[in-house]
Every structure is written in C-alpha cells, then in structure tokens.
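Here's the structure, in structure tokens; my notes come after.
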Amino acid sequence: MKNLNIHYFDYYVLLFFCLSFFGWLWEVLLYLFTGGVLVNRGVYYGPYLPVYGIGGILLMLLLHAKRKQPVLVFIVSSIICTAVEYAAATWLEQKWGVRWWDYSDAFMNVDGKICLLCSIGFGIGGVLLICMFQPLFHKFYHRMTRGMRIFICIALILIFVADAAYSIIRPNAGKNITCIFVSDIIP
C-alpha cells in the first residue's frame, strides 16, 4: 500500500464515525479519571465528537504519505488539529453563545479555546492515527463486504442526522459538561 488511493465514500464515512467515537471515548474516559464523573461530552447526544472525525480525516488526507516521518506528522497534526479545535470553539460560541470547553486556566491558551497541552496531545494523536491506526482500519475496512459497509454507513448517517436535528434545537448541555455561557464571561 504505497499511497492512499481510496476513493470510496464509505471509507471516509466509516473513518469519520470511528474517529468521532474514539474522540468521544477519549474525552469521556479523561473526565472520568481526572474528575471522577461520567459525562457525555459535546453538542450531540450520541457517542461521537465530530471535531475528532473532521480533524482525523484532514490528517489522513494530508499526512498519509508521511507516515514514515513521525516527527513531521506530530508537528503538522498539532497545527492542523489545534486550528480545527479553535475554529470549532469559535463556531459553537457564535452559534449558541456557549463554550463547551474552556482552557482559560491552562498554560499558553488562546482565548480559552486552545492550549499548548492539547496541541501536544493532538500531535501524539496524529502520530497514533497516521502511523498505527490507519493501517489497522484499512485492513478492517477491506474485510467487510461492500454491502455491509454501505448498510453500516446508512445506519450511522441516519442516526447522526436525527441526533444533529435534535441537537440544533436542544444542544447537549447536560450535567458536568464544561459549558460556559459566553454572556457569563464577556460583559
């Protein structure tokens, strides 16, 4: 597998949902171990954080050919994912007037939307994605029949669209989510 020459929509849909789920799982476990609380992170009610899926797809498209250069993958992943997180935080804040995360107390933060520690984490995550996870995902993908992949994609998209439609009306701001209403922090 010299280069990533996959033009199947289902490949990227499945990858998006896998990465969105793993991002959600990462954050749920992080909050469980650091804060002792089980919390469904994010705007949606389902077990996915689309910002991880979007960032991961961008990394796959841009860095797949660089998987033998983990230092470069680390640096570029840190930059790309930090930019995606900042854009997501800005968009969510403008859309609903709410911050779903706040790094204001973190070292080297920008507007409380991004911070150095998270950027380093994104770099490590990018290396794990590009150098380790992608080859495993590629093998798993090709073990499924095309019909199975299409069925799973349709089911996931339908569930996601229903969740998104509901979340537009009533975004997840449940107990223990680090939602901060912008009007509370900006006079």
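Observations on the model:
- Flag for Tyr44 being among the aromatic types (Phe, Trp, Tyr), open to solvent by less than 30 Å² (accessible area, probe 1.4 Å) and in contact (Cβ under 8 Å) with a residue 12 or more places away in the chain: no
- Residue list for segment 91-144, restricted to those being modelled with pLDDT of 90 or more and on the phi > 0 side of the Ramachandran plot: Met108, Asp111, Gly112
- Number of positions in segment 134-148 that are open to solvent by 20 Å² or more (accessible area, probe 1.4 Å) and either small (Gly, Ala, Ser) or touching a residue at least 12 places away in the same chain (Cβ under 8 Å) (or both): 4
- Considering only residues in segment 73-104 that are under 15 Å from Gly125 (Cβ atoms) and surrounded by fewer than 18 Cβ atoms within 10 Å (Cβ to Cβ), the one that is nearest to the chain's Cα centre (by Cα) turns out to be Ala83.
- Failed condition for Tyr44, given (1) under 21 Å from Phe17 (Cβ atoms); (2) at pLDDT 95 or above: (2)
- Sole exception among (1) touching a Ser or Thr at 6+ places or on another chain (Cβ under 8 Å); (2) in contact (Cβ under 8 Å) with a residue 40 or more places away in the chain for Leu14, by number: (1)
- Remark: pairs (first residue in segment 89-102, under 14 Å from Ser167 (Cα atoms); second residue aromatic (Phe, Trp, Tyr) and open to solvent by 40 Å² or more (accessible area, probe 1.4 Å); Cβ separation under 7 Å; 6+ apart in sequence or on different chains) = Val98/Phe181.
The values are calculated or read from the model by the stated rules, or taken from the named source; none is laboratory data. Since this is a predicted model, take the numbers as computed values, not measurements. Because the Cβ atoms are built from the backbone with ideal geometry, glycine has one as well, and the counts that use them run over all protein chains shown. Calculation scope for accessible area: heavy atoms of the full protein, side chains included, ligands and nucleic acids excluded. Shrake-Rupley method; radii C 1.70, N 1.55, O 1.52, S 1.80 Å.
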